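These notes concern the structure reproduced below.
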Amino acid sequence: MFSGAASIVQAALDDKDGDGLSDALEQAVGRNPERPDYILSTGYRRSCALDDSGVQCWGDEARMGVTPSFARPFALSVGNAHACVIGDNGVQCWGENSRGEATVPILAKPKAVSAGWYHSCAIDEKGVKCWGDNNRGQLDVPKKLKNVKQIAAGGFHTCALDEKGVSCWEGQLGAAVECACAVESTTNYSGQSSQLCAG
């Protein structure tokens with residue numbers, strides 16, 4: 001990494017492709033700031049990475065099977081024993097599908113995806129859509145969400161970041177339907193949550 005890269009990553013608020021690398025850093029090293037680079041996602045005994053050469057996975061292949069090929073992938077998420085990618089053909093999931101977690105519904109221009117334990121969620125132009133196991137209400141997306149920016153499917157719960165902040169529902173949260181304690185977030189200079197994940 002070139003000198004000063006760390007400060008650019010920390011200080012920049014712009015990240016057009018949402019890959020965690022600032023636009024300034026990507027431009028400085030000759031990368032396209034509108035295309036994600038170096039996305040890494042880990043699940044249970046399986047990890048995948050997305051870089052300029054595509055998607056590569058390693059670990060427990062017996063549970064997830066061989067990684068398929070994708071047309072220009074730009075988003076990646078690994079769950080318990082399944083994974084999902086967004087590319088030119090929309091959301092594609094593979095691996096274990098015992099509860100429908102890899103059976104993708106019809107989505108309109110998806111822009112984000114997250115694979116949980118036995119469920120998956122995506123953000124498309126209509127909002128948040130989740131599929132798979134709903135034994136704890138992890139698919140029951142709150143109707144009040146507006147302009148969702150990020151989605152995170154956890155073990156038995158789901159969290160979303162929208163214009164009002166973080167909302168989480170069911171599973172690990174017990175009776176609570178909204179709680180930020182189930183997520184890990186970083187804060188940008190405006191004091192708003194900018195990163196979201198659910199364990």
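Every number in this text was worked out from the coordinates using simple rules, so none of it is lab data. Computed from a predicted structure; not experimentally measured. Glycine gets a Cβ as well: all are built from the backbone with ideal geometry, and neighbour counts include every protein chain shown.
Where does each of 63, 136 land when they are ranked from fewest to most other beta-carbon atoms within 10 angstrom?
Details: 63 15, 136 18.
Fewest to most other Cβ atoms nearby, the residues stand as 63, 136.
Taking H placed 1.01 Å from N in the peptide plane, check which residues at least 5 places from residue 15 or on another chain put their amide H under 5 Å from its amide H.
23
Given +1 on the Cβ of Lys and Arg, -1 on the Cβ of Asp and Glu, and no further charges, what dipole in debye does segment 20-176 carry about its Cα centre, rounded to the nearest 20?
Using only the charged Cβ atoms, the result is roughly 440 debye.
With a 10 Å Cβ neighbour count serving as the proxy for reagent exposure, in which order, fewest first, do 58, 169, 131 appear?
On the way: 58 10, 169 23, 131 20.
Ranking 58, 169, 131 by Cβ neighbours within 10 Å, fewest first, gives 58, 131, 169.
Using r as the Cβ-Cβ distance of residue 35 and residue 135, and R0 as 45 Å, what FRET efficiency do you calculate, to the nearest 0.05?
Working: r = 37 Å, r/R0 = 0.83.
With R0 = 45 Å, the Cβ-Cβ based efficiency is 0.75.
Between residue 164 and residue 109, 0.36 nm times their residue separation minus their Cα-Cα distance comes to what?
Details: separation 55, 0.36 × 55 = 19.80 nm, distance 2.31 nm.
Full extension of this stretch gives 17.5 nm more.
Using R₀ = 30 Å, calculate the FRET efficiency as 1/(1 + (r/R₀)^6) where r is the Cβ-Cβ separation of residue 72 and residue 147; round to 0.05. Can you show the working numbers first?
On the way: r = 26 Å, r/R0 = 0.86.
Given R0 = 30 Å and the Cβ-Cβ separation, E is 0.70.
Would you list 61, 170, 96 from fewest to most Cβ contacts within 10 Å?
Numbers: 61 13, 170 20, 96 17.
In increasing order of surrounding Cβ atoms, one gets 61, 96, 170.
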